[in-house]
Amino acid sequence: MNLNIKWVLSFLMLLTGFAVNGQSFKTIANRLEMAINETVEVAFEASNADISNVRVPDFTDWSIVGGPMQMQSSSNINGVSSTTISIKYYLSPKKAGKLTVPGAGASINGKQVTSNTVVINVSSKPVKDPQQSSMSVQSSPFAGLFDQELEPVHGDDDLEFYLNENANIDQIINNNVLVKARLDKNVGYMGEVLLIEYKLYSRVMMDAEVKKFPMFSGFSTIDLMDAHYGSTTYEMLNGKRYRVQSIRKLQMYPLQSGTLTIDPLQLSANCNFMYKHNSKLVKVNRTISSQPVSVQVLPFPPDSSINNFTGAVGNFDLQAQPVNKTIKRQEAVKIVVKVTGQGNWSMVQKPVINWPEGLEVFEPKIEERLDSQAVPIRGEKFFIYTISTNKPGLMQLPEAKFTYFNPELKKYETKNIALPALNVSNEIMVNANFDNQGSLDPTDIFKSVIKWGAPLAAIILLGFLLYRMKSHKAEKAIVVQDAGADNVEESAIVSNHLNNEEPVIPPSENPGNYEQYMPKTEVPSGENSLSETEKINEASETLNDVDVNAQLYFQQLKRDILAYLEAKNIRLNDAIPESDVNNELQNLLNTCDKYIYAPFQTSVNAKEWNEKWQLIKQQI
């Protein structure tokens, strides 16, 4: 009974805290019914939660045509702040039927959770006009022309619609339809914001949908929702007037130096024409691609005087909140240091503060309010320290320092701010409650809700759980009575199942020690080499289901795959006889890129992915 009470109270505290603060982690799809030739937008979204170590699932029944893309938004309505972080994918079904989008895993406030699954009904009958898809692009008001007797309206009489009997349709499309990728600059520093926009230019009556988005390997990306997104404008290009529509606009932050290439974006376009001599309508489908774009990413310049730079790039400032009162000995007080400005906020770490002796300081709580639609991202980040001291008198706190790289000035800058002095009386604080008067801590807004709402929710939930425990106890008594003395062990198993007492697997004791779990490069050798099955068994015994650093592991795994293919003189999409093997290998390489460049991917089970690579090698 004592164990059950402890379980109830622990679960109650976790659930109540999660609900009161409005925290959630869920899988969201923008449609639950679709055709086989359409795409669906899927987002793994965390709200008002300290999230880390997101583990994106395998999309077994889906092909990834876009993503991953990180989006973050903040709002403050009637004094209540909320923050939402989402990782978005665009998926295309591999088959018809009821397909499942698995949930993603993540650590929410230190607890391992999994988002919900979503079931989508995919029809085997393709839609005739896929512009209704979430990724579709309608470049003119003449979608569905094949089913209607329409002619160009006034203002569109320059469109290539009417054909002569001997017209070359392919040449007309090539000369009048194109996709352009426009980058605001081709040279920049690591972490410096770059803007890229994809536009569809057309002088043909057509409808189109995105067939494949670039993976943006080597970049962290955030989609921008322009106010004029989806609207049609007109531009002159090479002396011709084109209808123009924006397909996608992003801000990108390079993660590595060197020459990075952005792959083309592909559209599937249905072009509509009419022959003059017999008024026959013709619809022609073509794949239209943009040109690849290259970016020269510069490394940070060397500077021996800089020793606390963490990779923040942009233009920032530093502020501190004063403590406007005398505190008692052993009284906890909050010191708030705030970074404001614009830049790559993912690399903004806590300022450097050399705390004096005699001061107890806890790791800061971090809150941020960012506008992800600003370019670069603009906002503020709070580092909330809880400190206390047992020494009376006036204690002068040190400076806080924050160093960043300013790409406009092409130099490092350091901001310094003096922290407030602490006036500590000789009186000792007994049963101290934290006083956050004047604090910028965004969680303060929930205090009144917690004070009155949490106890009521706790009483209701506790009553329900006690009722369930009583029911479980009666069920276990029946099982034991029916099983008899010879089935004591089986009854214990049933009891554990009814209590949901499943073992909790602790995280790795040393997740940073990944070298011993890295896959070794394997190239074809002589007859004395181990069989593939023996290699899999040996790898499985070595790894022991240990979580390792995801980014470093998949960097090494990708190098191993490419080295193996080169050693066997194999090129992707060319010399692998089975198409399924080719798809599996390509999906594995895409997974490597996803974990190398997607946000929050911090650890991974090395055994699982090593086995997948070994099984693929058996089939090559």
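Computed from the coordinates by the stated procedures, all read-outs in this text should not be read as laboratory data. Because the structure is predicted, anything quoted here is derived from the model rather than measured. Cβ: placed from backbone, ideal geometry, glycine included. Neighbour counts: every protein chain shown.
Just rank LEU589, LEU562, LEU419, LEU200, fewest to most, by other beta-carbon atoms within 10 angstrom.
Going from sparsest to densest Cβ surroundings: LEU562, LEU589, LEU419, LEU200.
Taking 0.36 nm per residue of separation and subtracting the Cα-Cα distance, what length does fully extending GLN618 through ILE28 add?
Stretched out fully, the GLN618 to ILE28 stretch lengthens by 208.7 nm.
Please give the net charge around GLN291, taking every other residue with its beta carbon less than 13 angstrom from that of GLN291, where Lys and Arg add +1 and Asp and Glu add -1.
Around GLN291, the charge tally is +2.
For the stretch 276-412, would you read off the P(r) tail past 27 Å as a percentage of all alpha carbon pairs?
Everything past 27 Å amounts to 45 percent.
Which cross-chain or sequence-distant (5 or more) residues have an amide H under 5 Å from the amide H of LEU163, H modelled 1.01 Å from N in plane?
Result for LEU163 returns MET274, TYR275, LYS276.
So which GluC sites (Glu not before Pro) in the stretch 363-431 pass both tests, a DSSP loop state and at most 16 other Cβ atoms within 10 Å of the Cβ?
Qualifying residues, ordered by number: GLU408.
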